[in-house]
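Engineer: This structure is in C-alpha cells; I'll ask about it shortly.
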Amino acid sequence: MSLLEVRDLSVTFAGWRNAPAVEAVRGISFSLDRGETLALVGESGSGKSVTALSVLQLLPYPAAAHTPESSIQFAGEELVGAAPTRLREVRGNRIAMVFQEPMTSLNPLHTLEKQIAETLLIHKHMPAAAARVRTLELLHLVGLRDAESRLGAYPHQLSGGQRQRVMIAMAIANEPDILIADEPTTALDVTIQAQILDLMRELRDRLGMALLLITHDLAIVRHMADRTCVMTQGEIVESGPTGEIFARPKHAYTRRLLAAEPQGRVKPADPAAPLLVEGENVKVWFPIRRGVLRRVAGHIKAVDGVSLAVRAGTTLGVVGESGSGKTTLGLALLRLLDAEGGIRFDGRDIAGEPQKRLRPLRREMQVVFQDPYSSLSPRLSIAQIVGEGLRVHHIGAGQAERRRLVETALVEVGLDPAAADRYPHEFSGGQRQRVAIARALVLKPRFIVLDEPTSALDMSVQAQIVDLLRELQARYRLAYLFISHDLKVVRALAHEILVMKDGQIVERGNTEQVMTAPDHPYTKALMAAAFDLAAVSTETA
Amino acid sequence: MNASAEVIAAGTRGGDTFLGRRVTPLTRRRLDNFRANRRGFWSLWVFLAVFGVTLFAEFIANDRPLLIRYDGAFYVPVLYNYAETVFGGDFPTEADYRDPHVIGLITAKGWMVWSLIPFSYGTITNAPGPFPAPPSRTDWLGTDDLGRDVLARLIYGFRISVLFGLVLTAISAAIGVIAGAVQGYFGGAIDLLFQRFIEVWSGMPQLYLLIILATFVQPNFWTLLGLLLLFSWMELVGVVRAEVLRARNLDYVRAARALGLSEGAILFRHVLPNAMVATVTFLPFIISGSVTILTALDFLGFGLPPGSPSLGEMLSQGKANLQAPWLGITAFCVLAAMLTLLMFIFEAVRDSFDPRKVGS
C-alpha cells in the first residue's frame, strides 16, 4: 500500500449558466511512496493543478465535483468526501503545498514569524516561545540568511526566491508526509530556480517526505523526479520511471512534448546589412525622492550607459535576470520611456524628438510584450486590435481593404481569419501572442522589440512562436531586439547577445561564442544555472 | 468555448440586425448577455412601458378633452387653446371644459372625447369634501389635501422625477468620467490640483446652499438641475480616476503608444472603455440618487415651485395626513417600484458589458 493512492480520479466543473460542464480530470490513477518524487508534467490546461488541489480537497465545491468512483487514499484513509474537520487536520500538517506565485501566496500584512508559526500553533498547539524557536530552525533549514533579523520582516521586504523559501518553510513546518509543489520555480530567475530545486530535494531526503512535483518544465522533471506522469487534456497518457520516459517515450503526445523544446539555430546574419537601430550610452535613471520637499536623493539606474546596434534582418538577444533592466532598455530604444543618450533609427537621431514627431515612425518600429493577457485590450475585438495601427497610419483605403490586410496578417501568424470578430479572452495564451505579433506585423515594420514573447507560454507553443518569428524574419528582413531570460530560446533565435546585470552590459558577442565560452563570471553563473540543470539530467536520462 | 463559438456563429449569420441596424457580433453578444438576465430584461420593458406612457401624460390625464366635434368642425384642446366664445360662450378667455355650462354648449352641437383620467395635475376635482378624499370611482387613488387627483399627479410626478434623474445622471456622468479620466491619465500636477479642488468643493454644504439660493430665485427644473450638477459630477471622478491610473501603465496602453496613437485616442479608445465596468456598476446608485434627490428636496419644500406635480410633495402630504393612507402608500409604492426596476436594469447592463461572461 502506497502512502498516497489516487484511483480513477475525475473532476468536473459545472458550466456557467447553461454552458456544458467541463471535465478537467478524467479518471487518472497514480501512487506516491515515502521518499519518492513523482512529477506530473503537462501543459497549461492539462489538469495537473486541479489534480493537486483535489488531493487536498481544495477545489471550489460544489462547482467542482468528483465522480463516485474517484478515490484518493492517504495512508489508507479515504480523502474524497472526508469530513471538513478531518481534512483540516490533514492539510498543512500531513500533506502540505507550495504554490507557484510567491508574490501572492504570502499574506502581505503578516510578518514571517506570524505566517510560519501559524501552522505550528494550529496543528501542534505549540506554545509561542517554542514556535519561535522552531520557526528560526525552519528558516535556517530552508537556507534563509540572517534568519533572526528577518523574523519581523514582511513579504514585500523579501525577494522572490526568499519568499519561495519562506513558503517552503511554512509547508515543511509540521514535517508533512507529502509535499505538493505546484510549479514552485516558474516565477523565479534561473539561478534561484536551481537553488530552490536543490533545497527541495535535500529536504525530501532529510525529512523522508514524498514529493509531488507539478511542472511544465521538462528540464526540472528530468533533474528531480523518480517517476513521471505525463498529463494532457485531463488524462495521464504515459507514466513510468523518468529515465525511461525520456529515453523511450511511447505515447505520441509525450514524444511531441519532448520534441517541443526550441531547436535549431538562426541562419548566419549578413555582416554587410545596414545598421538599423543604434543606441549610444543609453541611460534610464529613475529618481528617488525623499523628504517633504521631494528632493532627488539618488537614482535607480535601470539602464546605465548601454550602447548597442542592431542590423537589418538580424536578432540581438538581451539576456539577464529580472531587474537587470532588459525591458527598460527595450522601451527606451522605442522612446516609450524617457532616456538619456543617443538613439538612432535608420540613421535618424530620434533621442530628442518630441512624441508627436515620432508617431509616423511608429509604423517602422513595433513591440510585442511578455504577457499576452495584459497586452491586448479586453474590450476590443481581434480585428479592431490588429486594425488599429492601419487606421492610425492611414494604411489601406476603406474598411474592406483594411479588413483584408488584417485577415492576411492573421493568416500569416497562423490564426483563422474567421476569428477576427472574437474577443481576446476567447483565445489561449499562444493564440493571444500570435495576435500581438499580428498587430505588430500588419504595419510591415522593420524593427520589432520582442519582450519575453515566449515566457508566458507552454513549451510546445514556445517552439511554434520561435519558428514563426524566425520565418517572419527571413521573409521580411526584420530586425529583432529579443529580450529574454530563457537562454534556450535566445540561443534558437539570436545572432548576437548582450548579457545585462544591474543595468549594465557585462558581456556581449556572437551567440554561440558567449553560450559555449562565457567570459564574465556572471555569465558563467547564468549559463551554469540554465544548462547545468539540463546537463545533470542528460546524465541521469 | 463551445457556447461562445455558437454565439459567434449566430452573430455572423448574414445580415444580423437589431432594431433595423446592422450589428457586429460583439454587440450581438452584449445584447444576448443582457437578455440572458431575465429579471433585468423584463424590468427594462416594464420601466420603458411605464415611462413611455407617462411621457404622454397630457394625453392620459388632462382636464381638457382630447377631441371636440362642435358645429361641424374638429377642435383639439389638448394641443391648442380655444376661447370660450368659439363654442358660443360668453368670455373671450380660455374655455373651461369642466364647467357644466361649457359642456352643455358643446354637447348641444357635437361631442367631446376625454382622456382616460379627466384631470390634470393641478385640477381640483369635484369629489365631495372634505379633502383629502378617499379613492372613488372618479378619483381612483383619491385626492390630496387640495382636492387634486392623486393618480393624475402621480403620472406627471413620475415623469418629472425620472426625466430629472436621467438628465442629471447623464450630464454629471459625462463630466465626471472626463474629469476622472483626465486626472488619472495625465497624473502629476493636473491630478494634484484637481484632487485638492474636489476636496475643497465637496466640503461645501450642498443643502444649505440650495436653501439659501432658493430664497433668491424661484427654483425651476433647470435651475435645480444646474445647482445639483455643481456637486453631483464629483461622484464618478474617484472611481474613473482609480481605474485609469491602473490602466494607463498596462501593456495594451503601451502597445497603443507604440502603434503611434495620440494621447487622446489612447485615452478614449483603450483606457476609458476598460474603466467603464466600474462606471456602469456605479451608475445605478447615481441614477437612484438623482431621482430621489428631487423627491427629497420637494419633500422638504425646497424643490420645484408649489403646485408642481411631484412625488416628494405627495410624500410630505402623506406625512401630514396620516388619516389618508392612500397618499403615503401610493407615493411609497411608486418610488420603491421605480428604484427597484432601475437597479435590476443596470445589473443586467453591467452583465452585458462584462467581457468574461458568455451568453448562454
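Engineer: For the range A:100-140, name all the residues that are under 20 Å from A:ASP177 (Cβ atoms) and in contact with a helix residue (DSSP H, G or I) (Cβ under 7 Å, 6 or more places away or on another chain).
Structural biologist: Passing the criteria: A:ILE116, A:THR119, A:LEU120, A:MET126, A:ARG134, A:LEU138.
Engineer: For A:ARG439, only one of the following conditions fails: (1) surrounded by fewer than 23 Cβ atoms within 10 Å (Cβ to Cβ); (2) facing chain B (nearest Cβ under 8 Å); (3) basic (Lys, Arg). What is its number?
Structural biologist: Every condition holds for A:ARG439 apart from (1).
Engineer: Does B:ARG246 satisfy being within 14 Å of chain A (Cβ to nearest Cβ), surrounded by 19 or more Cβ atoms within 10 Å (Cβ to Cβ) and of a type in the set (Lys, Arg)?
Structural biologist: Answer is no for this residue.
Engineer: While we're looking at this one, here's another question. Give just the number: which of (1) away from chain B (no Cβ under 12 Å); (2) without any contact (Cβ under 8 Å) to a residue 40 or more places away in the chain does A:GLU426 not satisfy?
Structural biologist: Going through (1) away from chain B (no Cβ under 12 Å); (2) without any contact (Cβ under 8 Å) to a residue 40 or more places away in the chain one by one, A:GLU426 breaks only (1).
Engineer: So, one more: Going by the conditions given, is B:ILE287 away from chain A (no Cβ under 14 Å) and over 30 Å from the mean Cα position of the chain (by Cα)?
Structural biologist: When the stated conditions are applied, B:ILE287 does not pass them.
Engineer: Same structure, new question: Scan the range A:360-384 and report the pairs whose first residue is at the interface with chain B (Cβ under 7 Å from one of its Cβ atoms) and whose second residue is polar (S, T, N, Q) and assigned to a loop (DSSP other than H, G, I, E, B), with Cβ atoms within less than 6 Å and a gap of 6+ or a chain change.
Structural biologist: As it stands, the answer is A:PHE369/A:SER375, since those pairs meet every condition given.
Engineer: Tell me, which residue of the range A:398-428 that is in contact with a Pro (Cβ under 7 Å, 6 or more places away or on another chain) and surrounded by fewer than 16 Cβ atoms within 10 Å (Cβ to Cβ) is farthest from A:GLN366 (Cα to Cα)?
Structural biologist: Checked the range A:398-428; the qualifying residue farthest from A:GLN366 (Cα to Cα) is A:HIS425.
Engineer: Taking the range A:319-347 on its own, how many of its residues are within 14 Å of another protein chain (Cβ to nearest Cβ) and under 23 Å from B:ARG248 (Cβ atoms)?
Structural biologist: Residues flagged as within 14 Å of another protein chain (Cβ to nearest Cβ) and under 23 Å from B:ARG248 (Cβ atoms) within the range A:319-347 amount to 11.
Engineer: Something else: Which one is farthest from the other protein chains (Cβ to nearest Cβ) among residues in the range B:232-242 that are surrounded by 22 or more Cβ atoms within 10 Å (Cβ to Cβ) and in contact with a Ser or Thr (Cβ under 8 Å, 6 or more places away or on another chain)?
Structural biologist: B:SER232
Engineer: Now for a different question. Out of all the residues in the range B:286-295, is one or more closer than 30 Å to A:PHE447 by Cα and crowded, with 22+ Cβ neighbours inside 10 Å? Explain how you work it out, then say what you get.
Structural biologist: Going through the range B:286-295, the residues closer than 30 Å to A:PHE447 by Cα turn out to be none.
So far as the range B:286-295 goes, no, none of its residues is closer than 30 Å to A:PHE447 by Cα and crowded, with 22+ Cβ neighbours inside 10 Å.
Engineer: Take the conditions buried (at least 21 other Cβ atoms within 10 Å of the Cβ), within 14 Å of another protein chain (Cβ to nearest Cβ) and assigned to a loop (DSSP other than H, G, I, E, B) and apply them to B:GLY260. Does it pass?
Structural biologist: So B:GLY260 passes the test.
Engineer: Please pick out the residue among A:ASP349, A:ASP338 that is in contact with a Gly (Cβ under 9 Å, 6 or more places away or on another chain) and not aromatic (Phe, Trp, Tyr).
Structural biologist: A:ASP349
Engineer: Of everything in the range B:103-158, what is hydroxyl-bearing (Ser, Thr, Tyr) and outside any strand (DSSP E or B)? Give them in sequence order.
Structural biologist: B:THR107, B:SER115, B:SER120, B:TYR121, B:THR123, B:THR125, B:SER136, B:THR138, B:TYR156
Engineer: Could you go through the range A:301-313 and let me know if any residue there is out of contact with any Gly (no Cβ under 9 Å at 6 or more places or on another chain), surrounded by 17 or more Cβ atoms within 10 Å (Cβ to Cβ), outside any strand (DSSP E or B) and more than 9 Å from chain B (Cβ to nearest Cβ).
Structural biologist: The answer is yes, given that some residue of the range A:301-313 is out of contact with any Gly (no Cβ under 9 Å at 6 or more places or on another chain), surrounded by 17 or more Cβ atoms within 10 Å (Cβ to Cβ), outside any strand (DSSP E or B) and more than 9 Å from chain B (Cβ to nearest Cβ).
Engineer: Just the residues that are in a helix (DSSP H, G or I) and among the acidic types (Asp, Glu), please, taken from the range A:184-210.
Structural biologist: Hits for the range A:184-210 are A:ASP198, A:GLU202, A:ASP205.
Engineer: Of the conditions (1) charged (D, E, K, R); (2) away from chain B (no Cβ under 14 Å); (3) surrounded by 20 or more Cβ atoms within 10 Å (Cβ to Cβ), A:GLU278 fails just one. Which one is it?
Structural biologist: It fails just one condition, (3).
Engineer: Looking at (1) without any contact (Cβ under 8 Å) to a residue 40 or more places away in the chain; (2) over 22 Å from the mean Cα position of the chain (by Cα), can you tell me which one A:PHE447 breaks?
Structural biologist: Here A:PHE447 clears every test but (1).
Engineer: Further question: With the structure loaded, tell me whether B:ILE190 is more than 14 Å from chain A (Cβ to nearest Cβ), of a type in the set (A, V, I, L, M) and more than 30 Å from A:VAL367 (Cα to Cα) or whether it fails that test.
Structural biologist: Numbers: more than 14 Å from chain A (Cβ to nearest Cβ): yes; of a type in the set (A, V, I, L, M): yes; more than 30 Å from A:VAL367 (Cα to Cα): no.
So B:ILE190 fails the test.
Engineer: If B:LEU267 satisfies all but one of (1) in contact with a Pro (Cβ under 7 Å, 6 or more places away or on another chain); (2) in contact (Cβ under 8 Å) with a residue 60 or more places away in the chain; (3) within 14 Å of another protein chain (Cβ to nearest Cβ), what's the number of the condition it fails?
Structural biologist: The one condition B:LEU267 does not meet is (1).
Engineer: Right, something else. Considering only the range A:190-209, how many residues are crowded, with 23+ Cβ neighbours inside 10 Å and more than 30 Å from A:LYS524 (Cβ to Cβ)?
Structural biologist: Count: 1.
Engineer: Hey, any hits in the range B:62-74 for a residue that's out of contact with any Ser or Thr (no Cβ under 6 Å at 6 or more places or on another chain) and part of a helix (DSSP H, G or I)?
Structural biologist: no
Engineer: Further question: Is at least one residue of the range A:457-464 modelled with pLDDT under 90 and within 11 Å of another protein chain (Cβ to nearest Cβ)? Walk me through how you get there before you give the answer.
Structural biologist: Within the range A:457-464, the first condition is being modelled with pLDDT under 90, and the residues that meet it are A:457-464.
In the following step, the residues that additionally are within 11 Å of another protein chain (Cβ to nearest Cβ) were identified as none.
No, every residue in the range A:457-464 fails to be modelled with pLDDT under 90 and within 11 Å of another protein chain (Cβ to nearest Cβ).
Engineer: While we're on this one: Mind listing whichever residues of the range A:387-401 are free of Cβ contacts under 8 Å to residues at least 40 places away in the same chain and within 14 Å of another protein chain (Cβ to nearest Cβ)?
Structural biologist: A:ARG391, A:VAL392, A:HIS394, A:GLN399, listed by residue number.
Engineer: For the range B:3-31: of the residues being within 14 Å of chain A (Cβ to nearest Cβ) and within 25 Å of B:LEU166 (Cα to Cα), which is modelled with the lowest pLDDT? Don't jump to the end; show me each part of the working.
Structural biologist: Our first condition is that a residue be within 14 Å of chain A (Cβ to nearest Cβ); within the range B:3-31, this holds for B:3-14, B:16, B:22-30.
So of that shortlist, the ones also within 25 Å of B:LEU166 (Cα to Cα) come out as B:27, B:30.
Values: B:THR27: 72, B:ARG30: 77.
Per the criteria, the residue is B:THR27.
Engineer: Please note which helices (runs of 4 or more DSSP H) are completely contained in the range A:315-397 and include at least 1 residues that are crowded, with 16+ Cβ neighbours inside 10 Å and within 28 Å of the chain's Cα centre (by Cα).
Structural biologist: On the way: elements: A:326-333, A:355-358, A:382-392.
In the range A:315-397, A:326-333, A:382-392 are the helices (runs of 4 or more DSSP H) which contain 1 or more residues that are crowded, with 16+ Cβ neighbours inside 10 Å and within 28 Å of the chain's Cα centre (by Cα).
Engineer: Continuing with this model, one more query. Can you name the helices (runs of 4 or more DSSP H) wholly within the range A:92-183 that have at least 3 residues being out of contact with any Cys (no Cβ under 6 Å at 6 or more places or on another chain) and surrounded by 18 or more Cβ atoms within 10 Å (Cβ to Cβ)?
Structural biologist: A:112-119, A:128-141, A:160-172
The values are calculated or read from the model by the stated rules, or taken from the named source; none is laboratory data. Keep in mind that this is a model prediction, so the values were computed, not measured. Every residue, glycine among them, receives a Cβ derived from its backbone with ideal geometry; neighbour counts consider all protein chains shown.
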